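Structure record follows, encoded as structure tokens.
The values are calculated or read from the model by the stated rules, or taken from the named source; none is laboratory data. All of these numbers come straight from a predicted model, not from anything done at the bench. Note that each Cβ is placed from the backbone with ideal geometry, even for glycine, and that neighbours are counted across all protein chains shown.
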Amino acid sequence: MGQTTDVLMNDGVSLRVYRAEPEGEERAGIVIMHEGTGLNDHIRDMCERYAAEGYLALAPALYDRVEKGVELKGYGPENQPTIRSLRQRVDWDRAVQDMCAVADLAREAGKVGVVGYCWGGSFAWLASTRCDIDAAVIYYGGDIMQFIDEKPKCPIMGHFGDHDEHVAPETAERVKQRCLGASVYMYDAGHGFNCDRRSDYDAESANLAQERTSEFFAANLAGAPA
């Protein structure tokens, strides 16, 4: 099992980072960007999944800059006001710098990929355009359109639901256009289909998306020099 430690960012502010290490030799590093609910059990589970595949997995708690220790367990309407308030208080540019700093830490394992879910999916897009990484995977990032004019600098993959009420329908197509050759997939599912703690979890879509993501990271990160 991994552990959470306090890590100093470039400006001296401390953020919690969950770190999960593989049992054997590290294939590469992967940074996992959390949803609007913060660094919670779902994100820790994803870190453990990637560690089991041989990656050093790191997940920063972006909300720590505005409120230390936030971890929302529910995905229903009762938490939406809190999520909106927290997100509005987070500065995008500063949060991207924090993400890039954690990606630099992951570089100790070799090449680095970023995967993000929901709010974190938009950060995964920004990782591809602003950070020194080697691959990025987007899961239904709802804020991508406000940054769509930025050009990815690494291979990307995207996963979107056909019935997603929170992501602009043209997002997937625009991601394809901005990154020629990007693998962007649509699923017969709603928003958040990867998370088994959400009401719109879809096991078939989640398993297929994970299979594609694992293959993508293996091709772009594992076994290659940093």
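Quick notes on this structure:
- The residues listed here are Asp132, Asp149; of these, the one that is surrounded by fewer than 16 Cβ atoms within 10 Å (Cβ to Cβ), outside any strand (DSSP E or B) and more than 16 Å from the chain's Cα centre (by Cα) is Asp149.
- With respect to (1) assigned to a loop (DSSP other than H, G, I, E, B); (2) over 17 Å from Gln177 (Cα atoms), the lone exception for Arg94 is condition (1).
- Number of residues in region 19-40 that are touching a strand residue (DSSP E or B) at 6+ places or on another chain (Cβ under 8 Å) and either of a type in the set (Gly, Ala, Ser) or surrounded by fewer than 24 Cβ atoms within 10 Å (Cβ to Cβ) (or both) equals 10.
- Region 179-205, residues that are buried (at least 19 other Cβ atoms within 10 Å of the Cβ) and either free of Cβ contacts under 8 Å to residues at least 40 places away in the same chain or within 26 Å of Asn40 (Cα to Cα) (or both): Tyr187, Ala189, Gly190, His191, Gly192, Phe193, Asn194, Cys195, Arg198, Asp202, Ser205
- Within region 187-210, the presence of a residue that is out of contact with any Ser or Thr (no Cβ under 8 Å at 6 or more places or on another chain), more than 25 Å from Tyr75 (Cα to Cα) and modelled with pLDDT of 95 or more is excluded.
- Set Gly161, Gly121: member being of a type in the set (Gly, Ala, Ser), over 30 Å from Asp11 (Cα atoms), buried (at least 22 other Cβ atoms within 10 Å of the Cβ) and in contact with a helix residue (DSSP H, G or I) (Cβ under 9 Å, 6 or more places away or on another chain): Gly161
- Long-range neighbours under 7 Å by Cβ, at least six apart or interchain, first residue under 18 Å from Glu71 (Cα atoms) and basic (Lys, Arg) within region 1-18, second at pLDDT 95 or above and surrounded by 11 or more Cβ atoms within 10 Å (Cβ to Cβ): Arg16/Thr4; Arg16/Asp6; Arg16/Leu39; Arg16/Ala61; Arg16/Asp64
- Condition met for Leu56 (at pLDDT below 95, out of contact with any Leu (no Cβ under 8 Å at 6 or more places or on another chain) and of a type in the set (A, V, I, L, M, F, W, C)): no
- First in region 28-52 and under 17 Å from Tyr75 (Cα atoms) and in contact (Cβ under 8 Å) with a residue 40 or more places away in the chain, second anywhere and among the acidic types (Asp, Glu) and surrounded by 24 or more Cβ atoms within 10 Å (Cβ to Cβ), Cβ under 9 Å, 6 or more apart: His42/Glu35; Ile43/Glu35
- Counted residues, region 184-219 - those being outside any loop (DSSP other than H, G, I, E, B), under 24 Å from Leu56 (Cβ atoms) and polar (S, T, N, Q): 4
- Checking each residue in region 51-94 for being buried (at least 16 other Cβ atoms within 10 Å of the Cβ), under 26 Å from Asn10 (Cα atoms) and either polar (S, T, N, Q) or within 16 Å of the chain's Cα centre (by Cα) (or both) picks out Ala51, Tyr55, Leu56, Ala57, Leu58, Ala59, Pro60, Ala61, Leu62, Tyr63, Arg87.
- The strands (runs of 3 or more DSSP E) found entirely in region 1-72 that carry 1 or more residues being small (Gly, Ala, Ser) are 14-20, 28-33, 55-60.
- Of the candidates Arg65, Arg89, Arg107, the single residue that is over 30 Å from Glu23 (Cβ atoms), in contact (Cβ under 8 Å) with a residue 40 or more places away in the chain and either in contact with a Lys or Arg (Cβ under 8 Å, 6 or more places away or on another chain) or of a type outside the set (Gly, Ala, Ser) (or both) is Arg65.
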